[in-house]
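Where a number appears in this text, it was derived from the coordinates with a stated rule and is not lab data. Since the model is a prediction, treat every value here as computed from it, not as a measurement. Backbone-built Cβ (ideal geometry, glycine too); neighbour counts: all protein chains shown.
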Amino acid sequence: MVATRTESSFSLSSLLISDGPAGFLLSWVAGFVDTSAFIILFGLFTAHVTGNIALAGSSFVSSDEATTITRLLMIPVFMLSVAATSLLARYARHQKWPVFAVLLTAEAVALTVFLGVGISLSPSLLLDVQEDLIFPIGMAGVVSMAIQNALMKEAKGVFKSYIPTTVMTGNTTQLTIDMVQFCCAKLSNSNAKVPNPEAEEALERISRVFPTILGFGLGGFAAAYLVLVSETWWSLVLPLIVVLILAICAYLEHDGSSAKKP
């Protein structure tokens, strides 16, 4: 009975950190954190730098120097966090640690810091987030999402291919191209009983890309609702819990794989 439970547990862990579920959950986390920060910090993005560059230009035109500087400073913060994550991944590989699990743990720590900084500096988030508080709070959020950006690149061997979980522009582009490829392949195939490799290839990519787009959207909607309803930082506990669950599953899967080796 014990062996059966253990096998079932590891099967669940393997499922959660596979392409579809892990991509969906991490995208949900990014959508939740990015939307929460955007609402709380008056238009600051944490999950990607593109939006901050565009909004920095807008702030500059409006002669809002403080906001412009804050948004531009998020770029080096993001880059330094990605660099630190990459170094951590290299060290983990050198030590033969589970890289995916280690980086998820680092993200969980960063999200905890983000939550702690926000609560300590601005308990009533929608009422008293002052201009001088946006940088320290936003920096903590950017660090957590920079780690997630990097871990998708550094977690080699976990996913079939790199699929961004924090920026949906590329994913939406790929989904559209694959949908066109699938439809054209189906329409050009005169014999429906014969498998079409081009259609199957497109469908396989769609099955991996679509969950990330869906997850990000649902995370954004959940954040918008919970932040506006609760008006507290505690809604950010939800993405932290998701990342912790994935980290535990990654550790369990690594331990299970190690135990099977002679």
The chain, dipole about Cα centre (Lys/Arg Cβ +1, Asp/Glu Cβ -1), debye to the nearest 20: 980 debye
Label point distance in nm, Ser14-Lys153, each placed 7 Å from Cα along Cα→Cβ: 3.1 nm
Ranked list, fewest to most other Cβ atoms within 10 Å of each Cβ, for Arg90, Arg71: Arg90, Arg71
Sorted by Cβ density within 10 Å, fewest first, the residues Leu240, Leu214, Leu111: Leu214, Leu240, Leu111
Dipole axis of the chain (+1 Lys, Arg; -1 Asp, Glu on Cβ), positive-most option in Val142, Phe60, Phe210: Phe210
Label assignment, mean projected area of the Cα convex hull in nm² derived from the structure, set (1) 15.0; (2) 18.5; (3) 17.4: (2)
Inter-label distance, nm, simple model (7 Å from Cα along the C-beta direction), Ser188/Phe221: 3.6 nm
Kyte-Doolittle mean at least -1.0 and Cα axial length at least 30 Å: DSSP H helices in the chain: 19-40, 65-94, 99-121, 131-154, 197-230, 237-260
Spin-label model distance (nm) - Val109 vs Glu204, 7 Å beyond Cα toward Cβ: 3.7 nm
